[in-house]
Structures are given as structure tokens and as C-alpha cells.
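Supplied in C-alpha cells, the structure appears directly below.
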């Protein structure tokens, strides 16, 4: 899956969890919690949504990879490429 398609899908998941965010205002490299109201429960829900949407098992130790849009996109792309 192409990285832009992954980002688009991740943004849709973010909108489900934090509907007040403006996707065009997200800084891809910056942590979600530093940009908008995104607490630890939101992070947990986001990890679960990413897992379900992409069919990936995401162990808790990998959650830090999902704290920014770019980090999450690269994580998903690498896992999909690896056939995980």
C-alpha cells in the first residue's frame, strides 16, 4: 500500500477518535498530544483502530510508533511490507 493512501486512512481513523481535529492542520512529524487534545485513551483507541483497519497485530511496545502521523504511516507501511 502506498504511503499516501496509508496517511489518508490514518487521518480518517484520527477523525473518528478526535472529530474536532482539522486534518489539514496536522503537522506530520509532531506528536498528536502536542497538537490537539489527544490523551492516553485516545492513543489506545487509535492503536486499536489502526490494528483493525490494516489487519495488523500491534504489540503495546510498538505504540510509541503511532504517536504522530508520519510515525504511524511509516510503521504501518513497514509492517505491511514485511507481511506482518
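The values are calculated or read from the model by the stated rules, or taken from the named source; none is laboratory data. Bear in mind the structure is a predicted one, so any value in this text is a computation, not a measurement. Methodologically, a virtual Cβ is constructed for each residue, glycine included, from the backbone with ideal geometry; neighbour enumeration extends over all protein chains shown.
Provide a single number: the residues in region 33-63 that are over 18 Å from residue 18 (Cα atoms), without any contact (Cβ under 8 Å) to a residue 24 or more places away in the chain and part of a helix (DSSP H, G or I).
3
Continuing with the same structure: Being assigned to a helix (DSSP H, G or I) and either in contact with a strand residue (DSSP E or B) (Cβ under 9 Å, 6 or more places away or on another chain) or exposed (fewer than 12 other Cβ atoms within 10 Å of the Cβ) (or both) is the filter here, so list the residues in region 17-26 that pass it.
Result: 24, 25.
Further question on the same structure: Taking region 64-84 as the region of interest, how many residues are in contact with a helix residue (DSSP H, G or I) (Cβ under 7 Å, 6 or more places away or on another chain) and outside any helix (DSSP H, G or I)?
Counting residues in region 64-84 that are in contact with a helix residue (DSSP H, G or I) (Cβ under 7 Å, 6 or more places away or on another chain) and outside any helix (DSSP H, G or I) gives 2.
For region 1-32, give me each residue that is in contact (Cβ under 8 Å) with a residue 24 or more places away in the chain and under 14 Å from residue 80 (Cβ atoms).
Hits for region 1-32 are 1, 3, 6, 7, 9, 10.
If you check residue 6 against the conditions, is it in a loop (DSSP other than H, G, I, E, B) and at pLDDT 95 or above?
no
Between a first residue in region 73-84 that is on the phi > 0 side of the Ramachandran plot and surrounded by fewer than 17 Cβ atoms within 10 Å (Cβ to Cβ) and a second residue that is assigned to a loop (DSSP other than H, G, I, E, B) and at pLDDT below 90, which pairs have beta carbons less than 6 Å apart while being 6 or more apart in sequence or on different chains?
Filtered contacts from region 73-84: no entries.
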